[in-house]
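K.L.:
I have a structure here, written as structure tokens, and I will follow up with some questions on it.
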Amino acid sequence: MNEWKQRVETDMMRTFAMTQALFVRGEGCWVEDGAGKRYLDFLGGIAVNALGHAHPVMVEAISRQAATLIHVSNYFSTPPQLELAERLKRLTGAGESGRAYFCNSGTEANEAAFKLARLNKGPHGTKYKILSLENSFHGRTMGSLALTGKPALHAGFEPLPGNVEYIESTIEALENAIDDSVAALFVEPIKGEAGVVDLPDGFLEAARRLTAEHGALLIVDEIQTGAGRTGSWFGFQRAGIVPDAITLAKGIGGGVPIGALVTFGHASELFSPGQHGSTFGGNPLATATANAVLGEIEDAGLVENARVRGEQLRALIAAIDSPLILETRGAGLLVGIGLAKPVAPAVVRAALELGLVINAPNDRSIRLAPPLIIGEAELAEFDSRFRAALAAAA
Ligand SMILES: *Cc1c(COP(=O)(O)O)cnc(C)c1O
């Protein structure tokens, strides 16, 4: 066993499986291990490294803010925090009536959204139920875990916060489940952790109509799909709907921990002072970084790049003549590859050996979420390395 693996074995909490490499630095779409071997990063820290590694815009923003003001607590405001709230209101279309709450991770953003949902009690105070989708993923802390529709992840941790009902991802199931007792529906525009699985056509549109009819909040978890990842700023925009709230994390900070809850319209009036909070949430270091990341995504046209490169990436995968590949899923640069046999982990291991970082959310799915800055050169490198990995694992 490598020396570092020995240390992982003895020092790290056993919450994760054994890691497969020790990375020491990165630049652009590449990372390097302790032995100096370079890897093309087509996972991007799970849809986090929107600008790749060591992007000069991020380095500059973090350095400048670190030398200016890192933290003051939420008793006080800071210019980067206010700027980020306004930026998110503009980009999401929440506009004038929108509000932003900042925290430090995706699961925390969903905890805030869960509490928001509990506050939606309805005119007669009778709302108590929350709907979520089977096979969904919303995070690992108790509230977000309760929202997560994967019984295997609940095992050992019950009792979880109650009154969450999991439904099939079909319009029919939603029609059957929704009534006036429902306070909120949580939904991912594309189920990333499930293997990059798309919702059925028209699902978000139907969800918007049905939740509005029953006074339930439509809360869209954009933690993986947000910040340009799908070729739109946010996944819900592809359906042309307006939700009541969205949760954000992963890509918006480009790797610096940050999460956010953005509310639209009347949902912006549910929280009152003292009902929720976070010591670190919205600190000037994290929010200045997010402003720089989102600003660069805008200035460099990276939402459009995600759309165009995503199409090229799909075309390139479709051109691989392998009986192993069944389909591609997802949108933009969030790509799921469905395999005919449960060999995804073997493909991922072979790829790593060949200097390509990808991931297997399950046995039959490969996930790609490269930095939004990828170009032709990275696509060509991916093509040859991925073909070799498939051949090695077949
Ligand atoms: C990653 C993810 C989360 C959890 O985010 P963390 O920052 O890991 O807590 C929640 N929802 C979705 C859709 C995610 O992809």
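FYI, it's all coordinate maths here, none of it is from the lab. Only a predicted model underlies this, so the values are computations on that prediction, with no experimental measurement involved. Cβ sites come from the backbone with ideal geometry, for glycine too, and all protein chains shown count toward neighbours.
K.L.:
Taking a point 7 angstrom from the Cα of Glu3 along the C-beta vector, which residues in segment 16-34 have backbone N less than 18 Å away?
P.N.:
Counting only backbone N, you get 21-25, 33-34.
K.L.:
Then there's this: Could you go through segment 241-258 in sequence order and give the Karplus-derived ³J(HN,Hα) for each residue, using 6.51 cos²θ - 1.76 cosθ + 1.60 with θ = phi - 60°, rounded to whole Hz, and x for Gly and Pro?
P.N.:
Running phi through 6.51 cos²θ - 1.76 cosθ + 1.60 with θ = phi - 60° gives 9, 10, x, 8, 7, 10, 10, 9, 5, 5, x, 5, x, x, x, 7, x, 7 Hz.
K.L.:
If you find the alpha carbon centre of segment 327-394 and of segment 1-27, how far apart are they in angstrom?
P.N.:
22
K.L.:
From Cα coordinates alone, what are the radius of gyration and Dmax values for segment 15-129 in angstrom?
P.N.:
19.8, 64
K.L.:
Using only alpha-carbon positions, what ratio does the radius of gyration of the chain give when scaled by 2.2 N^0.38 Å?
P.N.:
Details: Rg = 20.8 Å, N = 394, 2.2 N^0.38 = 21.3 Å.
Against the compact-globule rule of thumb, the ratio is 0.98.
K.L.:
Would you mind working out the magnitude of the charge dipole of segment 122-187 relative to its Cα centre, with +1 at each Lys and Arg C-beta and -1 at each Asp and Glu C-beta, to the nearest 20 Debye? Numbers along the way, then the final one.
P.N.:
Values: 4 positive and 8 negative charges, 74 e Å.
For this selection, approximately 360 debye.
K.L.:
Now, a different point. What is the order of Thr10, Thr289, fewest Cβ neighbours within 10 Å to most? Spell out each step's value before the answer.
P.N.:
Numbers: Thr10 7, Thr289 25.
Ascending number of Cβ neighbours within 10 Å: Thr10, Thr289.
K.L.:
Further question: If you plug each phi of segment 14-31 into the Karplus form 6.51 cos²θ - 1.76 cosθ + 1.60 with θ = phi - 60°, what whole-Hz ³J(HN,Hα) values come out, in order, with x for Gly and Pro?
P.N.:
Once rounded to whole Hz, the list reads 7, 8, 10, 5, 3, 6, 9, 7, 10, 9, 10, 7, x, 8, x, 9, 10, 10.
K.L.:
Work from the charge dipole of segment 59-299 (Cβ charges, +1 for Lys and Arg, -1 for Asp and Glu, about the Cα centre) and give the residue of Ile130, Ala109, Pro273 farthest towards its positive end.
P.N.:
Farthest towards the positive end: Pro273.
K.L.:
So what's the Cα pair-distance distribution over segment 100-237, bin width 10 Å, in %?
P.N.:
Answer for segment 100-237: a P(r) of 12, 45, 37, 6, 0 percent.
K.L.:
Pick from Leu174, Leu147, Leu82 the residue whose mean-square fluctuation is largest in a GNM of the chain, springs joining Cα atoms under 10 Å.
P.N.:
Leu82
K.L.:
Moving on. For segment 217-282, what is Rg from Cα atoms divided by 2.2 N^0.38 Å, rounded to two decimals? Mind dumping the intermediate values first?
P.N.:
Working: Rg = 12.8 Å, N = 66, 2.2 N^0.38 = 10.8 Å.
Taking the Cα Rg and dividing by 2.2 N^0.38 Å, one obtains 1.18.
K.L.:
Give me the net charge for the shell around Ser97: Cβ to Cβ below 10 angstrom, other residues only, Lys and Arg +1, Asp and Glu -1.
P.N.:
With Lys, Arg at +1 and Asp, Glu at -1, the neighbours total 0.
K.L.:
Can you give the local net charge around Arg38? Use residues other than it whose beta-carbon is closer than 15 angstrom to its beta-carbon, Lys and Arg +1, Asp and Glu -1.
P.N.:
On the way: positive: Arg25, Lys37, Arg385; negative: Glu27, Glu32, Asp33, Asp41, Glu353, Glu378, Glu381.
Spelling it out: positives minus negatives among the neighbours equals -4.
K.L.:
Hey, rough spin-label estimate for Ala394 and Glu376, points 7 angstrom out along Cα→Cβ, what's it come to in nanometres?
P.N.:
Computed distance between label sites Ala394 and Glu376 equals 2.8 nm.
K.L.:
In addition: HN-Hα J couplings of segment 93-108 from phi, Karplus 6.51/-1.76/1.60, θ = phi - 60°, integer Hz, Gly and Pro as x?
P.N.:
Running phi through 6.51 cos²θ - 1.76 cosθ + 1.60 with θ = phi - 60° gives x, 5, x, 3, 8, x, 9, 10, 10, 10, 9, 10, 6, x, 4, 5 Hz.
K.L.:
Taking 0.36 nm per residue of sequence separation and subtracting the Cα-Cα distance, how much length would be gained by fully extending the chain between Thr19 and Glu327, in nm to one decimal? It would help to have the intermediate numbers written out before the result.
P.N.:
On the way: separation 308, 0.36 × 308 = 110.88 nm, distance 2.80 nm.
In short, 108.1 nm is gained.
K.L.:
Here is a follow-up. Looking at segment 59-299, send over the antiparallel percent of its DSSP beta bridges, to the nearest 5.
P.N.:
Details: 11 of 26 bridges.
If I count the DSSP bridges inside segment 59-299, around 40 percent turn out antiparallel.
K.L.:
About its Cα centre, how strong a charge dipole does segment 59-299 have in debye, to the nearest 20, once Lys and Arg get +1 and Asp and Glu get -1 at the Cβ? Write down the numbers at each step before the final one.
P.N.:
On the way: 18 positive and 27 negative charges, 119 e Å.
Rounded to the nearest 20 debye, it is 580 debye.
K.L.:
Moving on. Helix 344-353 versus the longest principal axis of the chain: what angle, 0 to 90°, nearest 10, using Cα atoms?
P.N.:
Approximately 50 degrees, to the nearest ten.
K.L.:
Can you order the peptides 343-349, 266-272, 101-107, 150-156 by their average number of other Cβ atoms within 10 Å per residue, highest first?
P.N.:
Values: 343-349: 19.6, 266-272: 16.1, 101-107: 24.6, 150-156: 10.6.
Answer by packing, highest mean first, reads 101-107, 343-349, 266-272, 150-156.
K.L.:
Related question: Using Cα atoms only, what is the angle between the long axis of helix 56-66 and the major principal axis of the chain, expressed in degrees (0 to 90) to the nearest 10?
P.N.:
Helix 56-66 and the main axis of the chain meet at about 50 degrees.
K.L.:
Same structure, new question: Of Ala306, Leu333, Val343, which is farthest on the positive side of the dipole of segment 288-373, counting Cα position, with +1 on Lys and Arg Cβ, -1 on Asp and Glu Cβ, and the Cα centre as origin?
P.N.:
Val343
K.L.:
Another question, then. How much mean residue ellipticity at 222 nm does the chain get from its helices, if each DSSP H run of length 4 or more adds -39500 (n - 2.57) and you divide by all residues, to the nearest 500 deg cm²/dmol?
P.N.:
Working: 13 runs with 141 residues, N = 394.
Result for the chain, helices only: -11000 deg cm²/dmol.
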